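Participant: A single structure is presented below for examination.
The values are calculated or read from the model by the stated rules, or taken from the named source; none is laboratory data. Just so we're clear, the structure is a prediction, and the values are computed from it rather than from any experiment. Using ideal geometry, Cβ is built from the backbone for each residue, glycine included, and neighbour counts are taken over all protein chains shown.
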Amino acid sequence: MNKNYTPPNQGMFGQIFDTILVLVLVYSSLMLPLLFKAAAKAEDAAAAAATAVKATWESLGQNAVQQAQWIKLGYDPDKAASLINSRFDYTIDPVMLIITIVVVGGYFWFMLKVSDKEYREVIREKFDNK
Amino acid sequence: MGFWDILVYVTWSLSATMLIWMLVDAFMISSQYDEAYLMSSREGSEDEVVHGVHMDKEMT
Amino acid sequence: MASEKISSSSKPIAMLKVLNPFHIWALGVGIVLVGEFMGWNFTVGKGGAYASLIACWVIGLLYTCVAMIDSEVTSTVAAAGGQYTQAKHIIGPLMAFNVGLYLVMAYTMLCAADALVVGDLMKSGAEVMGYTSLDTKPFVVLTVVFLAWLNYRGVFATLTLNLVITFLAFMSLVVLFFSVDPLHQGVVLQHEGLLTDLPYGWIGVVASLQFGMWYYLGIEGTCQAAEEVRSAGRSIPLGTMGGMMTLLVAATITWFVAAGLMPWQYLGQAVTPMYDAATLLGSSQLQLMLFVATAFAAIASANGCINDASRAWFSLGRDRYMPVFFGAIHPKYRTPYRSVLFLVPIAISFAFTGLLDQVITFSILSGLLSYTFMTFNMIKFRKMWPLGSIHRGYIHPFHPIPAITLLTLCCATYFATFLGYGASLLSIMAFYILASIWFVLRRYKYVKRADQFTMPWPRPKGY
């Protein structure tokens with residue numbers, strides 16, 4: 001039977017380095033979408049400026065009950081207009097959708113594949129070389 | 001200095017006190033105890049109730 | 001020097017087994033309940049009020065599958081680290097590393113969001129009392145540091161506190177429900193006037209599934225307490241299922257009250273919708289009650305998150321997936337004290353990035369990735385150790401229907417995230433992919449192979 005794998009011991013410096021590396025990865029992935037968002041924000045601002053007209057409850061399509069609740073919440077039509085008019089854009093970009101499916105699917109496929117290989121080694125050591 | 005300013009100072013000092021307390025305690029533990037002992041916990045050890053086959057005995 | 005130190009003369013160190021099913025309920029519901037006070041209403045923004053209700057129940061079904069599957073595996077693999085330990089025993093090391101990261105990230109980010117809520121509440125409380133320029137930072141920091149200190153000092157006091165404040169926060173929702181005269185439409189509640197057709201059509205319903213997770217996110221954290229609860233095989237399924245029922249009730253009440261008081265466009269972006277609901281009712285007692293309850297819910301959630309994230313990080317350290325330094329247990333308090341301490345600056349820095357929606361999306365997506373993992377996990381678990389080959393504390397019915405339902409709902413929720421948050425989705429996937437590559441190439445060499453498998457099980461079928 002082949003010998004069990006003996007891992008090297010990691011020094012203090014290596015431990016600190018590995019911890020910091022993971023943190024750097026997390027912060028970068030938090031910051032990354034900001035780049036996309038900055039571009040989208042500029043477009044939004046331009047669009048909002050174009051549609052800026054005097055809003056009334058009727059033009060915003062609010063019925064009597066809704067109007068009463070908006071007023072209780074401390075909103076006038078102008079203030080509420082920005083909330084009512086900001087809408088999500090759900091048009092689907094097929095290229096982006098395919099990229100996303102490939103990324104998520106590929107990630108799980110890669111992970112199951114590699115995990116299985118590593119797992120077989122664990123089981124071999126555990127049950128064969130006691 | 002109003003109530004809210006004092007509250008902010010009290011909040012900061014409470015946080016600082018607890019943080020320093022934890023850091024000092026963690027440092028003291030490292031100097032008092034052997035590192036191997038602190039790391040000696042084992043998954044699923046010393047425990048007669050929870051794991052797999054052992055449970056049969058517990059249930060019956 | 002080393003000879004003076006107290007060393008392992010006697011038994012190895014272990015965490016204290018002091019918890020009961022009520023603590024498990026408090027850990028699970030405590031983490032999630034804040035979601036009924038803030039965050040769930042973003043579903044309304046993504047698809048309208050009816051979409052939110054549909055999302056509440058569809059995602060409720062997703063979590064019922066999660067709770068069933070998780071109860072079976074956890075009642076058999078009971079160890080700190082929860083799903084991470086399950087992945088290690090059933091799928092393999094790389095998956096386990098990823099699951100460990102999902103847990104740490106989901107909970108640490110959620111903890112940051114909770115602390116921000118406490119800060120914002122203090123600010124609006126100060127505004128009501130006439131002071132407009134309160135700095136929220138000290139309250140955010142105090143929340144995290146105080147809860148870390150509690151966690152450091154022992155799990156029993158930590159989760160007993162959670163039990164009390166979670167129960168009070170839940171009761172406040174019930175009181176709110178009865179104070180709006182729920183049986184008589186039009187007196188206080190105005191569903192007829194306020195509810196509109198689906199503003200985005202059915203695609204909005206799908207899109208709202210993403211934040212629908214906020215109604216329940218974190219309930220699966222109950223199994224992190226497996227090494228600290230007495231008879232884990234029984235307590236954890238009991239606490240988790242009980243928690244799930246509490247949350248289904250709480251989520252439905254929350255929707256019913258809020259949708260009957262606020263126009264959907266307002267509700268869809270509100271920071272503290274339940275507090276706003278109490279304000280609309282015009283009773284200062286109710287307002288004060290919801291103020292306190294929101295704070296309690298946020299604190300309970302942050303508390304549970306520190307508890308769960310530190311257990312997961314500790315388990316990663318103990319197996320050397322992460323630096324072994326974090327695998328230490330406090331000899332007096334019996335807590336993973338180094339992990340608790342390490343997560344304090346991390347949680348605070350997440351809170352201070354000011355990217356709340358990004359942090360929340362990261363948290364939700366990490367949760368979603370771990371539910372996707374559960375489906376593979378369950379199917380392999382039944383295949384590798386069929387019923388009867390090992391003892392299971394709990395066996396869930398109708399296998400494999402829950403696993404397939406779960407996978408289908410997960411796919412729908414990925415699509416929901418893609419709608420509106422596609423860039424965040426890709427950048428978060430990039431993080432997990434890079435971390436995985438790093439693990440395979442650089443990190444796995446420090447891990448002892450056979451030592452990872454700690455369950456006294458027979459050899460798995462097919463390996």
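Participant: Kindly indicate whether any position in the range C:448-462 is more than 30 Å from C:Val141 (Cα to Cα), among the aromatic types (Phe, Trp, Tyr) and under 25 Å from the mean Cα position of the chain (by Cα).
Facilitator: Scanning the range C:448-462, I find no residue that is more than 30 Å from C:Val141 (Cα to Cα), among the aromatic types (Phe, Trp, Tyr) and under 25 Å from the mean Cα position of the chain (by Cα), so the answer is no.
Participant: Could you grab me the full set of residues in the range C:194-207 that are β-branched (Val, Ile, Thr) and in a helix (DSSP H, G or I)? Quick ask: steps written out before the conclusion?
Facilitator: The first filter runs over the range C:194-207 and keeps only residues β-branched (Val, Ile, Thr), leaving C:196, C:203, C:205-206.
Hits for the range C:194-207 are C:Ile203, C:Val205, C:Val206.
Participant: Within 26 Å of C:Arg442 (Cβ to Cβ), touching a helix residue (DSSP H, G or I) at 6+ places or on another chain (Cβ under 8 Å) and touching a residue at least 24 places away in the same chain (Cβ under 8 Å): is that true of C:Phe352 in this structure?
Facilitator: Considered against the rule, which asks whether it is within 26 Å of C:Arg442 (Cβ to Cβ), touching a helix residue (DSSP H, G or I) at 6+ places or on another chain (Cβ under 8 Å) and touching a residue at least 24 places away in the same chain (Cβ under 8 Å), C:Phe352 comes out as no.
Participant: Quick check on the range A:71-94. Is at least one of its residues exposed (fewer than 12 other Cβ atoms within 10 Å of the Cβ), among the aliphatic types (A, V, I, L, M) and not in a loop (DSSP other than H, G, I, E, B)?
Facilitator: Checked the range A:71-94: no residue is exposed (fewer than 12 other Cβ atoms within 10 Å of the Cβ), among the aliphatic types (A, V, I, L, M) and not in a loop (DSSP other than H, G, I, E, B).
Participant: I've got another one for you. Filter the range C:237-269 down to the residues that are within 11 Å of another protein chain (Cβ to nearest Cβ) and at pLDDT below 90 and list them by number.
Facilitator: The answer is C:Gln269, and nothing else.
Participant: Give me the pairs: first residue in the range A:76-93 and at the interface with chain C (Cβ under 8 Å from one of its Cβ atoms), second residue assigned to a helix (DSSP H, G or I) and surrounded by 14 or more Cβ atoms within 10 Å (Cβ to Cβ), beta-carbon distance under 6 Å, and six or more apart or on different chains, which are they?
Facilitator: A:Ala80/A:Trp70; A:Leu83/C:Gln265; A:Ile84/C:Gln265; A:Phe88/C:Gly420; A:Tyr90/C:Ile203; A:Tyr90/C:Leu419
Participant: A further question on this structure: Out of the residues in the range C:322-344 that are surrounded by fewer than 24 Cβ atoms within 10 Å (Cβ to Cβ) and touching a Lys or Arg at 6+ places or on another chain (Cβ under 7 Å), state the one that is nearest to B:Met39 (Cα to Cα).
Facilitator: Looking at residues that are surrounded by fewer than 24 Cβ atoms within 10 Å (Cβ to Cβ) and touching a Lys or Arg at 6+ places or on another chain (Cβ under 7 Å), I get C:Gly327.
Participant: Here is a follow-up. Name the residues in the range C:229-254 that are surrounded by fewer than 24 Cβ atoms within 10 Å (Cβ to Cβ) and not in a helix (DSSP H, G or I), would you?
Facilitator: C:Arg230, C:Ser231
Participant: Working carefully through the options A:Lys37, A:Lys3, find the one that is part of a helix (DSSP H, G or I), out of contact with any Phe, Trp or Tyr (no Cβ under 7 Å at 6 or more places or on another chain), basic (Lys, Arg) and modelled with pLDDT of 70 or more.
Facilitator: Every option except A:Lys37 fails the conditions.
Participant: Among the listed residues C:Gly317, C:Gly304, which satisfies the condition of being farther than 23 Å from C:Val141 by Cα and buried (at least 24 other Cβ atoms within 10 Å of the Cβ)?
Facilitator: Details: C:Gly304 fails: farther than 23 Å from C:Val141 by Cα.
Matching residue, one of C:Gly317, C:Gly304: C:Gly317.
Participant: Is there any pair linking a residue in the range C:414-437 that is within 7 Å of another protein chain (Cβ to nearest Cβ) and farther than 12 Å from C:Phe362 by Cα to one that is basic (Lys, Arg) and assigned to a helix (DSSP H, G or I), with Cβ under 7 Å and at least six apart or on different chains, and which?
Facilitator: C:Gly420/C:Lys46
Participant: Among the listed residues C:Phe291, C:Phe296, identify the single one that is at pLDDT below 95 and part of a helix (DSSP H, G or I).
Facilitator: C:Phe291
Participant: What number of residues in the range C:79-100 are within 17 Å of A:Val22 (Cα to Cα) and more than 8 Å from chain A (Cβ to nearest Cβ)?
Facilitator: Residues that pass the stated criteria total 3.
Participant: Still on this structure, please answer the following. Quick check on the range C:194-227: of everything there that is of a type in the set (Asp, Glu) and buried (at least 24 other Cβ atoms within 10 Å of the Cβ), which residue is nearest to the other protein chains (Cβ to nearest Cβ)?
Facilitator: Ranking the candidates gives C:Glu227 first.
Participant: A further question on this structure: Of these, C:Thr85, C:Thr64, which one is in a helix (DSSP H, G or I), in contact (Cβ under 8 Å) with a residue 40 or more places away in the chain and surrounded by fewer than 24 Cβ atoms within 10 Å (Cβ to Cβ)? Don't jump to the end; show me each part of the working.
Facilitator: On the way: C:Thr85 fails: surrounded by fewer than 24 Cβ atoms within 10 Å (Cβ to Cβ).
Exactly one of C:Thr85, C:Thr64 is in a helix (DSSP H, G or I), in contact (Cβ under 8 Å) with a residue 40 or more places away in the chain and surrounded by fewer than 24 Cβ atoms within 10 Å (Cβ to Cβ), namely C:Thr64.
Participant: Return the residue satisfying two criteria in turn: it lies in the range C:137-193 and is outside any helix (DSSP H, G or I) and away from chain A (no Cβ under 14 Å), and of such residues it is surrounded by the most Cβ atoms within 10 Å (Cβ to Cβ). Spell out how you get there, then give the answer.
Facilitator: Filtering the range C:137-193 for residues outside any helix (DSSP H, G or I) gives C:154, C:180-190.
This time we only want the ones that are away from chain A (no Cβ under 14 Å), so: C:154, C:181-184.
Details: C:Gly154: 18, C:Asp181: 12, C:Pro182: 15, C:Leu183: 8, C:His184: 9.
Ranking the qualifying residues of the range C:137-193, first place goes to C:Gly154.
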